[in-house]
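Peer 1: Below you will find the structure I want to go over with you.
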Amino acid sequence: MAFSYRFGNIDDIEAVFRLSRTVLNEAWSKDVMLQSLQVGYNLFVCYQGETLIAYVLSQDVLLETQIMQVCVHQDFRRLGVANKLMNMLIAAKQGMEVLMLEVRASNAVAQSFYHHLGFTNVGQRPNYYAATSSKPREDAVVMAYPLSA
C-alpha cells in the first residue's frame, strides 16, 4: 500500500472531520477543527490515494506540545501509519520541551503504542472523558515524551 504523508492544512478539514466522526468517541465539530487550524494548531495527515486514512492534531503552548487527536481509520491500523505520523510530529517539534497527551485509562492498545514511542505515564485526570451511552465517565492517563535533555 502506498501512503503519502505531509503537513495538513485547511483544505484537509472536510476529510479530517469525516474521519474523526467515524473513529473518535468525542469528535469535534467541523467549525472547531477549522478554527483550531486558523489559530495555529498543527495537522499531520496520511492519505492513500485521495482518501485520508489518518491524522495527528497538536497544539503548542509555550514550550509544550499537546497532542489533541490521533486518528487512524480502522482498516489501516497496525500498518505503521500512526507511528510515521507521530515521528513526523516529534521531528517537527524539536526545540520544544515536551509532548503531552491524554489517553483513556481503558485503552491499553493506545497506551502500549505510546510507550513504544517513548512516552511515559506522568499522571492521571479523574473522570476526564465524558460518559457515553455505552460507557461511564472515564479517567485519562497523562503521558509525556521529553524532547529536550
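Bear in mind that the values in this text are calculations on the coordinates, not laboratory data. The shown structure was predicted, so the numbers you read here are calculated from the model rather than taken from an experiment. Using ideal geometry, Cβ is built from the backbone for each residue, glycine included, and neighbour counts are taken over all protein chains shown.
Peer 1: Considering every pair of different Cα atoms, what Kirkwood radius, in Å, is found for the range 34-73? Don't skip to the end; give the middle numbers.
Peer 2: Numbers: mean 1/r = 0.0916 Å⁻¹.
Final number for the Kirkwood radius of the range 34-73 is 10.9 Å.
Peer 1: What is the sum of charges, Lys and Arg at +1 and Asp and Glu at -1, for the other residues whose Cβ falls under 15 Å from the Cβ of residue 52?
Peer 2: Details: positive: 6, 18, 21, 30, 77, 84; negative: 11, 12, 14, 50, 75.
The answer is +1.
Peer 1: Kirkwood hydrodynamic radius for the range 4-146: how many Å is it when counted over pairs of different Cα atoms?
Peer 2: It works out to 15.6 Å.
Peer 1: With loop defined by DSSP as not H, G, I, E or B, and exposure as at most 15 other Cβ atoms within 10 Å, which is the longest segment of the chain clear of exposed GluC sites (Glu not before Pro)? Intermediate results must be reported in sequence, preceding the final value.
Peer 2: Numbers: sites that count: 26, 50, 97.
Looking at the chain, 98-149 is the longest stretch - no exposed GluC sites (Glu not before Pro) with at most 15 other Cβ atoms within 10 Å.
Peer 1: Using +1 on the beta carbon of Lys and Arg, -1 on that of Asp and Glu, and nothing else charged, what's the dipole of the range 4-107 about the Cα centre, debye to 20?
Peer 2: Dipole size: approximately 340 debye.
Peer 1: State the extension gain, in nm to one decimal, for the chain segment bounded by residue 77 and residue 105, taking 0.36 nm per residue of separation less the distance between their alpha-carbons.
Peer 2: Working: separation 28, 0.36 × 28 = 10.08 nm, distance 1.99 nm.
Extending this stretch completely gives an extra 8.1 nm.
Peer 1: Still on this structure, I have one more. First measure r as the distance between the Cβ atoms of residue 148 and residue 11, then evaluate 1/(1 + (r/R0)^6) with R0 = 35 Å and state the FRET efficiency to the nearest 0.05.
Peer 2: Between residue 148 and residue 11 the formula returns 0.60.
Peer 1: Taking the beta-carbon count within 10 Å as an exposure proxy, list 4, 106 from fewest neighbours to most. All intermediate terms of the calculation are to be shown ahead of the outcome.
Peer 2: On the way: 4 9, 106 13.
Exposure proxy ranking, most exposed first: 4, 106.
Peer 1: To continue, here is another question. Where in the range 97-122 does the amide nitrogen come within less than 16 Å of the point 7 Å from the Cα of residue 25, taken along Cα to Cβ?
Peer 2: Counting only backbone N, you get 102-112.
Peer 1: Set the Förster radius R0 to 25 Å, insert the Cβ-Cβ distance between residue 61 and residue 3 as r into 1/(1 + (r/R0)^6), and round the FRET efficiency to 0.05.
Peer 2: Step by step, r from the Cβ atoms, then E = 0.25.
Peer 1: What ratio of Cα Rg to 2.2 N^0.38 Å holds for the range 74-119?
Peer 2: Details: Rg = 11.6 Å, N = 46, 2.2 N^0.38 = 9.4 Å.
Against the empirical 2.2 N^0.38 Å value, I get 1.23 for the range 74-119.
Peer 1: Right, here's the next one. In units of 2.2 N^0.38 Å, what is the alpha-carbon radius of gyration of the range 7-88?
Peer 2: Cα-based Rg divided by the globular estimate yields 1.02.
Peer 1: Okay, which of the range 62-104 sit inside 16 Å, backbone N to the point 7 Å along the Cα-Cβ direction of residue 115?
Peer 2: Zone members listed by number: 103-104.
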